[in-house]
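The block underneath contains the structure these notes are about, expressed in structure tokens.
The values are calculated or read from the model by the stated rules, or taken from the named source; none is laboratory data. Quick caveat: nothing in here was measured; it's all calculated off a predicted structure. Note that each Cβ is placed from the backbone with ideal geometry, even for glycine, and that neighbours are counted across all protein chains shown.
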Amino acid sequence: MFTPLDPPMETLAAEVVVVGAGAAGLATALNLAPRRVVVLALGPAATGWAQGGIAAATGPDDSPALHAADTEAAGAGLVDPLVAALVTAAAPGCIDWLQAAGVVFDPGADGRPARGLEAAHGRARILHSGGDATGRAILAALTARAGASPHIHRLDSAEATALLTDARGQIAGITVDLAGRRLMIRAAAIVLATGGIGGLYAHSTNPPGAVGRGLALATRIGARLRDLEFVQFHPTAMDLGSDPMPLASEAIRGAGAVLIDGAGQPVMAGIPGGDLAPRDVVARQVAAAIDAGSRVFLDARAAIGPGFTDRFPSAAAACMKAGVDPARQPIPVAPAAHYHMGGIAVDLAGRTSIPGLWAAGEVAATGLHGANRLASNSLLEALVCGSWVARDILAASPDARAPVIRPALRGPSADSGDSAAAVRHLRVAMSRQAGVLRDAPGLDHLIGLAAAIEADPKQPAAIADRALVCRLIAEAARDRPDSVGAHRRTDTAPLASREIRHVHA
């Protein structure tokens, strides 16, 4: 235990601090010019792991209104129609902005970006770059653009440890662990773009660092959260013994691959939408087959065959590394935590309930995704909403002279063997009790486990924060007895009305 006065803390100043260097964080930072921006980058951004693509209505048979309608349908009645309309209307312009930033989309026969089909989309509107490496291509282009922008100063290996507020309850700064150096950055505008929570689960497609750090930071200062129970499980994470699990992009099913069980029978037979049903539907079918004792496979042999490696190089490389040839063998798959629809409650400008604090990307709950995210809307939301946050900050002219109050902090004590064991227990419990299927007894068990770890004074701050986020997700899931979208309770009957939200104040 220590306070910020022991050891001494270096002090810096910035006009804006952006926490996170993925799509949302970099889009925000780039659009903030000429404001001086400090970007905190801790580890690999989840953006680089995104394989599916980015959705935008760019075809002659498509429109933003149709895109918005598909978004609302997938969200199971909980999508904010205004948000859906505004984000989808901004999508074509977002594609133009990415191309100007250096992103090259895979071309179709007419030379324009080819448009692919993914689950629950009524039109082919998914654009890809490098096949299934779209996130990587976008991240590389934005990182290069940010590196050449004089208004952006990037700090790598920088872990945000606490948000600071002044006597009025407004944002005044942030403390950072920079590879062992302790910094306090004074800033009246902070943007959280820290990504998701998939790393809290034993079965996840997310990078290990995706453990809800932004949610913990915001919760510690009383920010309003929303819809934490809605965790999307990707139905076709490749079950190849890796942690995290490599992703078999939805675009593979869009290209005709089918889900089969161990006997070769189609898993999605008789289900509306079949293999391209909404993700929550497919994930439950796959989970049910596995629970019944069968393995599930993604069979691309007939639909894609020898062209698999050229079309989906990332997935092919993961398969071949595990000794599976997807051109000749079906790929073993299982559901895995993939995306968090809930997060810090924000308005259309990305403002949170704390003055001076904005959020963008997966850490934010904008109302776009409702109870179930439509495929390939995540990169779109991150980029569009990041630009909106920047616009709002530029108009806000925050007071950089706000006084800083230094709270007592739990120190960055080294992880112990006990900490490693706590992480393992939490991850297994999250997959078992807060996974595709949930019930009250399991969630109560998870809540108790997380609360005990959170309260353990021997645990370092990072483990306590991880446990805090696990507990909040489990409490939200327990407190919503109805099944809707990605949240499926096995111990209660579905509720007819879906027009309710769980809010954690």
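Name every residue in the range 235-264 that is among the hydroxyl-bearing types (Ser, Thr, Tyr) and farther than 15 Å from PHE308 by Cβ, in order of residue number.
Kept after step one, since they are among the hydroxyl-bearing types (Ser, Thr, Tyr), are these residues of the range 235-264: 236, 242, 249.
Correct list: SER242 only.
Every residue in the range 35-58 that is closer than 21 Å to GLY130 by Cβ and either surrounded by 21 or more Cβ atoms within 10 Å (Cβ to Cβ) or modelled with pLDDT of 95 or more (or both), please.
ALA45, ALA46, THR47, TRP49, ALA50, GLN51, GLY52, GLY53, ILE54, ALA55, ALA56, THR58
Pick out the one residue from ALA269, ALA288 that is without any contact (Cβ under 8 Å) to a residue 12 or more places away in the chain, hydrophobic (A, V, I, L, M, F, W, C), under 24 Å from ALA486 (Cα atoms) and part of a loop (DSSP other than H, G, I, E, B). So that I can check it myself, show each step before the final result.
Details: ALA288 fails: part of a loop (DSSP other than H, G, I, E, B).
Sole residue among the options that is without any contact (Cβ under 8 Å) to a residue 12 or more places away in the chain, hydrophobic (A, V, I, L, M, F, W, C), under 24 Å from ALA486 (Cα atoms) and part of a loop (DSSP other than H, G, I, E, B): ALA269.
Looking at GLY214, is it at pLDDT 95 or above and surrounded by 24 or more Cβ atoms within 10 Å (Cβ to Cβ)?
Numbers: at pLDDT 95 or above: yes; surrounded by 24 or more Cβ atoms within 10 Å (Cβ to Cβ): yes.
For GLY214, the condition - at pLDDT 95 or above and surrounded by 24 or more Cβ atoms within 10 Å (Cβ to Cβ) - is met.
Can you spot a residue in the range 420-428 that is modelled with pLDDT of 95 or more, in the same structural domain as ALA27 (by TED's automatic domain parsing) and surrounded by fewer than 24 Cβ atoms within 10 Å (Cβ to Cβ)?
For the range 420-428, residues modelled with pLDDT of 95 or more, in the same structural domain as ALA27 (by TED's automatic domain parsing) and surrounded by fewer than 24 Cβ atoms within 10 Å (Cβ to Cβ): absent.
Which condition number in (1) surrounded by 24 or more Cβ atoms within 10 Å (Cβ to Cβ); (2) assigned to a strand (DSSP E or B) is the one that ALA334 fails?
Every listed condition holds for ALA334 apart from (1).
Can you pull out the residues in the range 317-331 that are within 20 Å of VAL258 (Cβ to Cβ), surrounded by fewer than 24 Cβ atoms within 10 Å (Cβ to Cβ) and of a type in the set (A, V, I, L, M, F, W, C)? Steps first, please.
Initially, the range 317-331 is screened for residues within 20 Å of VAL258 (Cβ to Cβ), giving 318-319, 324-331.
Within this subset, residues satisfying the condition of being surrounded by fewer than 24 Cβ atoms within 10 Å (Cβ to Cβ) are 318, 324-325, 327-330.
Of everything in the range 317-331, those that are within 20 Å of VAL258 (Cβ to Cβ), surrounded by fewer than 24 Cβ atoms within 10 Å (Cβ to Cβ) and of a type in the set (A, V, I, L, M, F, W, C) turn out to be ALA318, VAL324, ALA327.
Residues to consider are ALA172, ALA193; find the one that is in contact with a strand residue (DSSP E or B) (Cβ under 8 Å, 6 or more places away or on another chain), hydrophobic (A, V, I, L, M, F, W, C), in the same structural domain as ARG36 (by TED's automatic domain parsing) and over 30 Å from VAL79 (Cβ atoms). So that I can check it myself, show each step before the final result.
Values: ALA193 fails: over 30 Å from VAL79 (Cβ atoms).
Within the list ALA172, ALA193, the selection yields ALA172.
List pairs: first in the range 452-474 and modelled with pLDDT under 95 and assigned to a helix (DSSP H, G or I), second crowded, with 20+ Cβ neighbours inside 10 Å and polar (S, T, N, Q), Cβ under 7 Å, 6+ apart or cross-chain?
As it stands, the answer is ALA461/THR161, since those pairs meet every condition given.
Within the range 226-235, work out how many residues are in a strand (DSSP E or B) and out of contact with any Lys or Arg (no Cβ under 7 Å at 6 or more places or on another chain).
Here the count works out to 2.
For the condition closer than 28 Å to ARG182 by Cβ, modelled with pLDDT of 95 or more and in a loop (DSSP other than H, G, I, E, B), what is the one hit in ILE393, ILE405, ILE344, ILE354? First the steps, then the outcome.
On the way: ILE393 fails: in a loop (DSSP other than H, G, I, E, B); ILE405 fails: modelled with pLDDT of 95 or more; ILE344 fails: in a loop (DSSP other than H, G, I, E, B).
Every option except ILE354 fails the conditions.
Confirm whether ALA317 is among the small types (Gly, Ala, Ser) and outside any loop (DSSP other than H, G, I, E, B).
On the way: among the small types (Gly, Ala, Ser): yes; outside any loop (DSSP other than H, G, I, E, B): yes.
Yes, satisfied.
State whether one or more residues within the range 101-118 are touching a residue at least 60 places away in the same chain (Cβ under 8 Å), closer than 21 Å to ARG373 by Cβ and in a loop (DSSP other than H, G, I, E, B).
There is at least one residue in the range 101-118 that is touching a residue at least 60 places away in the same chain (Cβ under 8 Å), closer than 21 Å to ARG373 by Cβ and in a loop (DSSP other than H, G, I, E, B).
Would you point out the residue of the range 82-121, among those that are among the small types (Gly, Ala, Ser), at pLDDT below 95 and surrounded by fewer than 20 Cβ atoms within 10 Å (Cβ to Cβ), that is farthest from ALA382 (Cα to Cα)?
Quick first cut of the range 82-121, residues among the small types (Gly, Ala, Ser) only: 84-85, 89-91, 93, 100-102, 108-109, 111, 114, 116, 119-120.
With at pLDDT below 95 added as a condition, the list becomes 108-109, 111, 116, 119-120.
With the extra rule that they be surrounded by fewer than 20 Cβ atoms within 10 Å (Cβ to Cβ), the set shrinks to 108-109, 111.
On the way: GLY108: 25, ALA109: 29, GLY111: 27 Å.
Per the criteria, the residue is ALA109.
Determine, yes or no, whether ALA202 is aliphatic (A, V, I, L, M), surrounded by fewer than 23 Cβ atoms within 10 Å (Cβ to Cβ) and either in contact with a Pro (Cβ under 7 Å, 6 or more places away or on another chain) or at pLDDT 95 or above (or both). I'd like the intermediate steps shown before the answer.
Numbers: aliphatic (A, V, I, L, M): yes; surrounded by fewer than 23 Cβ atoms within 10 Å (Cβ to Cβ): yes; either in contact with a Pro (Cβ under 7 Å, 6 or more places away or on another chain) or at pLDDT 95 or above (or both): yes.
Against the criterion (aliphatic (A, V, I, L, M), surrounded by fewer than 23 Cβ atoms within 10 Å (Cβ to Cβ) and either in contact with a Pro (Cβ under 7 Å, 6 or more places away or on another chain) or at pLDDT 95 or above (or both)), ALA202 qualifies.
The rows are residues; the columns are (1) under 28 Å from THR352 (Cα atoms); (2) in contact (Cβ under 8 Å) with a residue 40 or more places away in the chain; (3) in contact with a Gly (Cβ under 8 Å, 6 or more places away or on another chain); (4) among the β-branched types (Val, Ile, Thr).
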residue	(1), (2), (3), (4)
ALA223	yes, yes, no, no
ASP239	no, yes, no, no
SER242	no, yes, no, no
MET245	no, yes, no, no
LEU259	no, yes, no, no
ALA263	no, no, no, no
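For the range 92-111, check the following and say yes or no: at least one residue is in the same structural domain as ALA65 (by TED's automatic domain parsing), at positive phi and in contact with a Leu (Cβ under 7 Å, 6 or more places away or on another chain). Walk me through how you get there before you give the answer.
We begin by selecting, within the range 92-111, every residue in the same structural domain as ALA65 (by TED's automatic domain parsing); these are 92-111.
In the following step, the residues that additionally are at positive phi were identified as 102, 111.
From what's left, in contact with a Leu (Cβ under 7 Å, 6 or more places away or on another chain): none.
So far as the range 92-111 goes, no, none of its residues is in the same structural domain as ALA65 (by TED's automatic domain parsing), at positive phi and in contact with a Leu (Cβ under 7 Å, 6 or more places away or on another chain).
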